[in-house]
Amino acid sequence: MTAISATNAWAVGYVKTATGADDVILHWNGTAWKRLPAPAGTLSGVAATSATNAWAVGYGILQWNGTAWKQVLSAASSYGGFNGVAAISATNAWAVGNVQSTGSSTGIMHWNGTAWKQVPSPSYTTGLLYGVAATSASNAWAVGVV
């Protein structure tokens with residue numbers, strides 16, 4: 001969950017169904033929670049910097065542009081999934097999770113305002129990052145199991 005103000009908050013997650021899982025994206029407008037449509041994938045983290053810039057992560061990365069959620073990065077081949085996201089500004093965000101192509105090792109991505117780029121992470125043969133907090137493009141902390 002993330003909140004920008006008393007009238008703008010987001011919560012994400014998923015509900016299990018008979019055929020898998022459905023994403024849940026909820027938005028608080030100061031009066032009530034409203035469920036919004038979400039692209040496919042299981043969501044586990046959300047961060048926002050303004051009413052027109054938010055990120056949600058799971059089996060991919062989604063971006064809120066003030067009108068709709070759109071998938072901007074798929075976790076298809078190399079990433080097993082993202083568990084945590086932190087956003088400092090529209091040009092600085094971090095996502096963490098695991099990389100399946102390297103034997104489920106830790107994975108870190110950074111948004112520079114134009115594209116998500118993989119950032120070197122400690123080399124563990126197995127690992128999974130669950131959360132991230134950041135204060136700038138050069139100061140971020142991730143937690144998980146290694």
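Which lysines have a Cα lying under 25 Å from the Cα of Lys16, excluding residues fewer than 8 positions away in the same chain?
In chain and number order, the partners are Lys34, Lys70.
Which value results for Rg/Rh of region 1-73 when Rg is the Cα radius of gyration and Rh the Kirkwood radius based on the inverse mean 1/r? Intermediate values should be presented prior to the final figure.
Working: Rg = 11.7 Å, Rh = 12.2 Å.
When Rh is taken as the Kirkwood radius, the ratio is 0.96.
Pairwise over distinct Cα atoms, reciprocal of the mean inverse distance: report the Kirkwood radius of region 2-145 in Å, one decimal place. Mind dumping the intermediate values first?
Working: mean 1/r = 0.0654 Å⁻¹.
Evaluated on region 2-145, it is 15.3 Å.
Along the Cα→Cβ direction, 7 angstrom out, place labels at Ala68 and Gln118. What is the inter-label distance in nm?
3.0 nm
No value in this document is a laboratory result; all are computed from the given coordinates. On a predicted model such as this, the values are computed, not experimentally measured, just so you know. Cβ atoms come from the backbone with ideal geometry, glycine included; neighbour counts cover every protein chain shown.
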